[in-house]
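What follows draws every value from the coordinates through simple rules; no lab data is involved. Owing to the predicted nature of the structure, the values given are computational and were not obtained by experimental measurement. Methodologically, a virtual Cβ is constructed for each residue, glycine included, from the backbone with ideal geometry; neighbour enumeration extends over all protein chains shown.
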Amino acid sequence: MATRPTEILSLTREGLYCPAGDFHVDPVRPVARALITHGHADHARSGHGAVWATPETLRIMAVRYGEDFCETRQEARLGEAVRLGEVTVSFHPAGHVLGSAQIAITQGGCRIVVSGDYKRAPDPTCLGFEVVPCDVFITEATFGLPVFRHPDARDEVRRLLDSVRLFPERTHIVGAYALGKAQRVMALLREEGFCEPIYLHGAMEKLTELYKREGIPLGETIKVVAAERPKLGGRIVLCPPSAIQDLWSRKFPDPVTAFASGWMRVRARARQKGVELPLVISDHSDWDDLCRTIRDTGAGEVWVTHGQEDALVHWCGTHGIRAKPLHMLGYGDEGEAEPDPAPATAADAPAADAAGEAA
Ligand SMILES: [Zn+2]
Ligand SMILES: [Zn+2]
C-alpha cells in the first residue's frame, strides 16, 4: 500500500514538514533544513540552518538578506532526483519569477508536489511551468475565484505604450513589485520594441541588477535621482506599489499612475488606489489556470495553502477530486496577496527592499 500523504507532509507551526526527510518547505520560522520554492519574502526567509533551492533563488536570497542568510546552502538542479532520508526530492520550474520551482516529494509510491506560487502564462524572465504528475498537488489560490481571468500581459503593456504615445509630456509611473513583476514589465516593454531607458526607483535597483547578471535582457535602466524628477516627462518610471501614491511620485511632470497587478482586474480597487492606468499583469495563475493545472497533474487530492481557498476546494469537489484548505498563515504578504493600502515611505528616501513583492 502506498504511503499516506499526511505521513509524508504534515502541517506544523513552521509550515509544511517532511519527517522522513527531516526538512520543511518554505517555512515561516527558522528551521534546521529548509527547501525553498522561490525568493519572495513570504516563502524565502533568512535564519535557517541549511537551505536547498535553485541557484537563482539562493542568489536572490543573498541579495535581499546578505550572504549570511543561512548556515549552509545547496543548489538544487532542476529535474534531478535527490534522496533525502527516506524520500526522493526534485525541483521543477514553476513559471512564477526567476528561479521559482515546484518541489516534488516522493515516498512509498506516493508523490506530493508543493507548487509554491506559479503561473502558466509566458514570462520572458523565467522558465515556463512544468506539469509534474502527482498524487497530491499543493496549490495556492490567490486568484481562486471565477471572476479572476488575467488578460494577455503583452496587451496590457501595449496599453501602457499607447498612453505614453498619447501623452508624450507626462511621466508614466508604474507600480510593480520589486522581485519578478518589475523585471517582467521591463522585459515585455523591450519585446514590444520600447528602447528608451527605463527609470527605476531606488528600491528596484538591486534585484534588477541581479536579473541582468542572470542574463535576462532588460535594456538600459537608470536610477531616478530625486532632483531630476521634473525633467522626466515622457519617460517610464518603475517604483514599488507603495510609492505611486507617495509624495515621491508627485515631483514628476503631470504623472500618469499605473499599477501592474492581478488585482487591477477589480476596477474599484484601482480607483481606490488612485490608479489611472490599471495594468492587469499577474505572476499568479488565474482561475482557469488553477483549475487546468490541477487537472493536468492528474492529482486525486489537492491541498490549498492560502488565498481564495473555499472556491477552489469546492470546484475540486465537483470534479471528483478530494481537496482541503490548509489555512496557512504567513503566506501572501508578498504582494499580489493584497495591495498595500498605505504609502509607507517618506518623500524621497528609497523604499526598503521589502516594500514590494509579487503579484
Ligand atoms: Zn511568490
Ligand atoms: Zn506567495
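The table for this structure:
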item	result
Nitroxide proxy distance, nm - points 7 Å out along Cα→Cβ at Asp22 and Ala268	5.2 nm
Sparse-neighbour loop sites [GluC sites (Glu not before Pro); segment 103-187; at most 12 other C-beta within 10 Å; DSSP]	Glu169
Equivalent ellipsoid, segment 31-170 (semi-axes from 5 times Cα gyration tensor eigenvalues, Å)	33, 21, 12
Helix 181-191 vs. the chain, principal-axis angle (Cα, 0 to 90°, nearest 10)	60 degrees
Rounded tilt (10° steps) of 309-318 against the dominant C-alpha axis of the chain	50 degrees
For segment 77-227, size of Cβ-based charge dipole, Lys and Arg +1, Asp and Glu -1, in debye	100 debye
Top positive-direction residue, dipole computed over segment 21-159 with Cβ charges, set Pro151, Leu35, Leu78	Pro151
Net +/- balance of residues flanking Pro5 in space, Cβ distance below 15 Å, scoring K and R +1, D and E -1	0
Residue-span extension gain [Val225 to Glu169] - 0.36 nm each, minus C-alpha spacing	18.3 nm
Amide H contacts under 5 Å for Leu35, placed H, 5+ residues apart	His24, Val25, Asp26, Trp52
Sum of -39500 (n - 2.57) over DSSP H runs of 4+, divided by residues of the chain (222 nm, nearest 500)	-6500 deg cm²/dmol
Length gained when the stretch Glu192-His327 is fully extended (0.36 nm per residue, less Cα-Cα span)	44.6 nm
Positive dipole terminus of the chain, leading residue within Gln107, Pro133, Cys195 (C-beta point charges)	Cys195
Subset of Lys181/Lys212; Lys119/Lys206; Lys231/Lys273 violating a 20 Å alpha-carbon distance limit	Lys119/Lys206; Lys231/Lys273
Degrees, to the nearest 10: 287-297 long Cα axis against longest axis of the chain	30 degrees
Dipole magnitude of the chain, debye to nearest 20 (Cβ charges: Lys/Arg +1, Asp/Glu -1, about Cα centre)	480 debye
Neighbour-count order for Tyr331, Tyr177, Tyr199, fewest beta carbons within 10 angstrom listed first	Tyr331, Tyr199, Tyr177
Antiparallel bridge percentage (DSSP; both residues within the chain; nearest 5)	35 percent
Candidates His201, His172, His319: whichever shows maximal mean-square fluctuation once the chain is modelled as a Gaussian network with Cα springs under 10 Å	His319
Cα principal axis extents for the chain, largest first, Å	69, 46, 34
Candidates Phe259, Phe23, Phe194, ranked by Gaussian network fluctuation over the chain, Cα under 10 Å, top entry	Phe194
Loop trypsin sites (Lys or Arg not before Pro), segment 1-100, which have at most 13 other Cβ atoms in a 10 Å radius of their Cβ (DSSP)	Arg13, Arg77
Cβ-defined net charge surrounding Ile236, 11 Å radius [Lys, Arg +1; Asp, Glu -1]	+1
Cβ-placed point charges (K, R +1; D, E -1), dipole of segment 1-93 about Cα centre in debye, nearest 20	100 debye
Most positive-pole-ward Cα, Gly175, Gly215, Ser242, against dipole of segment 175-267 from beta carbon charges	Ser242
Neighbour-limited loop hits for chymotrypsin sites (Phe, Trp or Tyr not before Pro), segment 136-165 (at most 11 other Cβ within 10 Å; DSSP other than H, G, I, E, B)	none
GNM result for the chain, Cα springs below 10 Å: residue of Thr12, Thr37, Thr257 fluctuating most strongly	Thr12
Spatially proximal aspartates and glutamates relative to Lys251 (Cα-Cα < 18 Å; intrachain offsets below 8 disregarded)	Glu169, Glu228, Glu276, Asp348
